[in-house]
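Asker: A single structure is presented below for examination.
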Amino acid sequence: MLYSRLTRVPDRSFFLFGARGVGKSTWARSALPDALRLDLLDEALFIDLLADPSLFRDLVSRCGRGEWVVVDEVQRIPSLLNEVHRVIEERGVRFALLGSSARKLKTAGTNLLAGRALHVEMHPLTASELGEDFNLDDALRYGTIPLVWVADDRREVLRSYTHLYLREEIRAEAAVRNLSGFVRFLPVAAVMHAQTLNSASIARDARIARSTVNGYLEILEDTLLITRLSAFEAKLRVRERRRPKLYWIDPGLVRALKRQLGPPAAEERGALLEGWVLGGIRAHAQRQRLYDDIGYWAPADSQTEVDFVLARDGARLAIEVKAATRYHSTMLKGLRSIADMSGIARRILVYNGRRSFQTEDGILVWPLDHFQQALDEGCLWP
């Protein structure tokens, strides 16, 4: 099934990055049906262009000003962007440059078109994109990477996804020298989903050097599978946590790496839902200016925490996520602790219940579907 995506075609050339299987190529075929398509997974085309990137200009010679060319898997030949640059400058052709990794582009010191192309990111399917097909239990169990979501056997496809990643993103790019160490690292990093990063602990459990952990985390970021959420400095006269939190882009991926593909246990659901909500926020931020900066906040010496703090134009939006189906006032501890932060415009508790209300001290208590509606309608901020 083809789902309508939040991503929209910009009016000028753009990079579209996203993890494997999130639907970049499918979206490009639907959004730009008349574009010339060059797929660098076509080995014959790949070899020809690798040998002589100048052949690229011949391939796009019939395209005129304002017409579109889609280049898929552009990271396979970073030097090709020099030719793209020339064609944009000389003929005004517009390019959609699709990639599942920014690693080679960054490490090769590649010409990233000096601002002539926007950078857009595609995420797994959101609740609004799935519409009536959305089911929270399925989303937390299998995730919503389109490749997995539309499969007849989601368990099997999800299981094989990690092998696809290791083969096509890591081994093919020679990103790591010690593949066995990286394989040990992945499930340990999956356990850290929605937790404060502890590189020493990961290194010990995966039996690798601490410096290696940082390199592996960069690989996961470059291949768009994780994000590290910085600690927000509220300066509320308490010592605050400084280390970032680790989030994988998809709950199904977390569970596959941990080899847990049955129904999520109760103790898993909190972290999985928290990551799911962050994914929705980041996906919607592609279309609306939800934040200039996003982080989390927590005092260093307590269990109190606010999952997400969004900052925009000097204002702050604090969001706490709970998987519980029943509201209890203890859920508000973090949001009440952050009340004195400068610029707080709204505090929101998102939970898996049904009642929507406002507390006496102004905290909005929203069921998940209410929160998702606010994202869809662009009214998360007051």
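The values are calculated or read from the model by the stated rules, or taken from the named source; none is laboratory data. Bear in mind that the values here come from a model prediction, so they are computed numbers and not experimental data. Because the Cβ atoms are built from the backbone with ideal geometry, glycine has one as well, and the counts that use them run over all protein chains shown. Keep in mind that these areas ignore ligands, DNA and RNA; they rest on the heavy atoms of the full protein, side chains included. Shrake-Rupley method; radii C 1.70, N 1.55, O 1.52, S 1.80 Å.
Asker: Just checking, which of Thr126, Thr162 is open to solvent by less than 50 Å² (accessible area, probe 1.4 Å), under 19 Å from Thr26 (Cβ atoms) and among the polar types (S, T, N, Q)?
Answerer: Every option except Thr126 fails the conditions.
Asker: Let me ask something else. Of the residues that sit in the stretch 335-352 and are at pLDDT below 95 and of a type in the set (Gly, Ala, Ser), which one is most open to solvent (accessible area, probe 1.4 Å)?
Answerer: Ser342
Asker: Continuing with this model, one more query. Taking Leu38 and the conditions (1) surrounded by 16 or more Cβ atoms within 10 Å (Cβ to Cβ); (2) modelled with pLDDT under 95, which numbered condition does it fall short on, given that it satisfies the others?
Answerer: Among (1) surrounded by 16 or more Cβ atoms within 10 Å (Cβ to Cβ); (2) modelled with pLDDT under 95, Leu38 violates only (2).
Asker: From the residues in the stretch 106-117 that are open to solvent by 10 Å² or more (accessible area, probe 1.4 Å), of a type outside the set (Ser, Thr, Tyr) and in a loop (DSSP other than H, G, I, E, B), which one is modelled with the highest pLDDT?
Answerer: Arg116
Asker: Return yes or no: is Ile219 open to solvent by less than 40 Å² (accessible area, probe 1.4 Å) and assigned to a helix (DSSP H, G or I)?
Answerer: The answer is yes for Ile219.
Asker: Restricting to the stretch 143-153, name every residue that is within 21 Å of Met122 (Cα to Cα), more than 16 Å from the chain's Cα centre (by Cα) and open to solvent by 30 Å² or more (accessible area, probe 1.4 Å).
Answerer: Result: Val150, single match.
Asker: Let me ask something else about it. Filter the stretch 241-300 down to residues that are among the basic types (Lys, Arg) and assigned to a helix (DSSP H, G or I), then give me how many there are.
Answerer: Counting residues in the stretch 241-300 that are among the basic types (Lys, Arg) and assigned to a helix (DSSP H, G or I) gives 3.
Asker: To continue, here is another question. With respect to Ala35, is the statement that it is out of contact with any Gly (no Cβ under 8 Å at 6 or more places or on another chain) and farther than 16 Å from Val120 by Cα true?
Answerer: Against the criterion (out of contact with any Gly (no Cβ under 8 Å at 6 or more places or on another chain) and farther than 16 Å from Val120 by Cα), Ala35 qualifies.
Asker: Of the residues that make up the stretch 302-315, is at least one farther than 23 Å from Leu246 by Cβ, open to solvent by 50 Å² or more (accessible area, probe 1.4 Å), under 24 Å from the mean Cα position of the chain (by Cα) and basic (Lys, Arg)?
Answerer: yes
Asker: I'm checking my understanding of the structure. Among residues of the stretch 354-380 that are of a type in the set (D, E, K, R) and out of contact with any strand residue (DSSP E or B) (no Cβ under 8 Å at 6 or more places or on another chain), which one is least open to solvent (accessible area, probe 1.4 Å)?
Answerer: Looking at residues that are of a type in the set (D, E, K, R) and out of contact with any strand residue (DSSP E or B) (no Cβ under 8 Å at 6 or more places or on another chain), I get Asp361.
Residue by residue, here is whether (1) open to solvent by 10 Å² or more (accessible area, probe 1.4 Å); (2) assigned to a loop (DSSP other than H, G, I, E, B) holds:
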position: Thr7; (1), (2): yes, yes
position: Thr26; (1), (2): yes, no
position: Ser30; (1), (2): yes, no
position: Leu49; (1), (2): no, no
position: Val84; (1), (2): no, no
position: Leu98; (1), (2): no, no
position: Lys104; (1), (2): yes, no
